[in-house]
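**Q** Sharing a structure here in structure tokens format.
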Amino acid sequence: MFAISLGDDGAELRPLEPWRAEEFLAHIDRGREFIGQYIGLAAAATDIESARGFLQSYAEKQAADGGRIYGIWQDGTLVGGVLFRVFDTALEYCEVGCWLEPSGAGRGLVTRAVRVLIDWAVLERGMHRVEWMAAAGNTASLKVAQRLGMTRDGVLREAYPYRGVRHDMEVWSVLAPQWRDLRAADAASAR
């Protein structure tokens with residue numbers, strides 16, 4: 001299948017398909033507690049059957065043009081991923097999300113991978129609004145939204161019950177005209 005280089009450090013973005021369930025589960029097992037700090041993904045893949053089922057649900061979303069999931073590989077090892085949790089072509093809106101195991105953190109992998117997803121969503125698929133939602137305490141995730149040039153739209157107070165606590169959720173977004181301007185500025189500064 002295809003792989004998109006995320007830079008000269010050996011990082012790649014690839015489709016994360018059901019046939020990769022064993023590799024996905026091993027990755028989740030390596031980072032279960034770290035991944036599960038703010039998101040329920042770690043609880044969604046606890047054995048090979050649930051891992052395959054989770055990936056199959058995204059294969060079905062992709063087939064219906066309602067979502068997609070990709071893995072981030074560093075030097076041949078799956079260390080994280082990004083996804084379109086929601087992909088609504090009628091409303092021209094999508095929501096991106098991410099996760100990483102500890103070995104992938106601090107390298108800019110998510111920022112680079114999400115940039116690829118937003119480019120595709122806006123420039124290829126015509127999305128007008130791309131959202132990013134993160135628990136208010138998830139500073140690493142909020143910093144990604146900032147690095148991507150997103151705007152903080154607001155806070156959904158106590159909107160996300162997780163592990164017995166109701167978390168505030170921050171909503172960030174970038175609109176297509178903003179994204180095009182940001183990418184043009186990036187291209188100009190790279191010259």
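The values are calculated or read from the model by the stated rules, or taken from the named source; none is laboratory data. Treat the numbers as computed from the prediction; the structure is a model and nothing was measured. Heads up, the Cβs are rebuilt from the backbone with ideal geometry, glycines too, and the neighbour counts pull from every protein chain shown. The accessibility values were calculated without ligands, DNA or RNA, using every heavy atom of the protein model including side chains. Shrake-Rupley method; radii C 1.70, N 1.55, O 1.52, S 1.80 Å.
**Q** Looking only at residues in the stretch 1-25 that are free of Cβ contacts under 8 Å to residues at least 40 places away in the same chain and surrounded by fewer than 19 Cβ atoms within 10 Å (Cβ to Cβ), which one is farthest from Asp119 (Cα to Cα)?
**A** The extreme case among them is Glu22.
**Q** Here is a further query. Step by step: first the residues of the stretch 147-174, then only those that are of a type in the set (Ser, Thr, Tyr) and within 22 Å of Gly108 (Cα to Cα), then the one that is surrounded by the most Cβ atoms within 10 Å (Cβ to Cβ). Which residue is that? Even if it seems obvious, please write down each step before you answer.
**A** The initial filter retains those residues of the stretch 147-174 that are of a type in the set (Ser, Thr, Tyr), namely 151, 160, 162, 173.
In the following step, the residues that additionally are within 22 Å of Gly108 (Cα to Cα) were identified as 151, 173.
On the way: Thr151: 12, Ser173: 18.
So the residue we want is Ser173.
**Q** How do the pairs read when you match residues in the stretch 152-165 that are more than 9 Å from Ala135 (Cα to Cα) and acidic (Asp, Glu) with residues anywhere that are open to solvent by 100 Å² or more (accessible area, probe 1.4 Å) and assigned to a strand (DSSP E or B), using Cβ under 8 Å and keeping only pairs 6 or more apart or on different chains?
**A** Partner pairs satisfying both residue conditions: Glu158/Arg166.
**Q** Taking the stretch 112-140, which residues are open to solvent by less than 10 Å² (accessible area, probe 1.4 Å) and closer than 25 Å to Ala185 by Cβ?
**A** Once the filter is applied, which keeps residues that are open to solvent by less than 10 Å² (accessible area, probe 1.4 Å) and closer than 25 Å to Ala185 by Cβ, the stretch 112-140 yields Ala113, Val114, Leu117, Ile118, Ala121, Val122, Met127, Val130, Trp132, Ala134.
**Q** Let me ask you something else. For the stretch 77-111, name all the residues that are open to solvent by 50 Å² or more (accessible area, probe 1.4 Å) and either out of contact with any helix residue (DSSP H, G or I) (no Cβ under 6 Å at 6 or more places or on another chain) or in a strand (DSSP E or B) (or both). Let's see the steps before the verdict.
**A** Residues of the stretch 77-111 that are open to solvent by 50 Å² or more (accessible area, probe 1.4 Å), as a first pass: 77, 85, 89-93, 102-103, 106-107.
Thr77, Arg85, Thr89, Ala90, Leu91, Glu92, Tyr93, Ser103, Gly106, Arg107, listed by residue number.
**Q** Let me ask something else. Can you find, within the stretch 67-76, the residue that is nearest to Tyr93 (Cα to Cα) among those that are of a type outside the set (Phe, Trp, Tyr) and open to solvent by less than 10 Å² (accessible area, probe 1.4 Å)?
**A** Applying the filter and picking the extreme gives Gly67.
**Q** Taking the stated definitions as given, is Gly164 out of contact with any helix residue (DSSP H, G or I) (no Cβ under 7 Å at 6 or more places or on another chain), of a type outside the set (Asp, Glu) and on the phi > 0 side of the Ramachandran plot?
**A** yes
**Q** So how many residues does the stretch 144-178 have that are closer than 16 Å to Ile39 by Cβ and either of a type outside the set (Asp, Glu) or within 17 Å of the chain's Cα centre (by Cα) (or both)?
**A** Summing the residues that are closer than 16 Å to Ile39 by Cβ and either of a type outside the set (Asp, Glu) or within 17 Å of the chain's Cα centre (by Cα) (or both) in the stretch 144-178 gives 16.
**Q** Mind checking which pairs have a first residue in the stretch 60-79 that is more than 15 Å from Ile28 (Cβ to Cβ) and a second that is among the hydroxyl-bearing types (Ser, Thr, Tyr), Cβ under 9 Å, 6 or more apart or different chains?
**A** Close Cβ pairs satisfying both conditions: Asp65/Thr89; Gly66/Thr89; Gly67/Ser57; Gly67/Tyr58; Arg68/Tyr58; Gln74/Ser103.
**Q** Now for a different question. Give me a count of the residues in the stretch 26-40 that are within 16 Å of Leu55 (Cα to Cα) and open to solvent by 70 Å² or more (accessible area, probe 1.4 Å).
**A** 1
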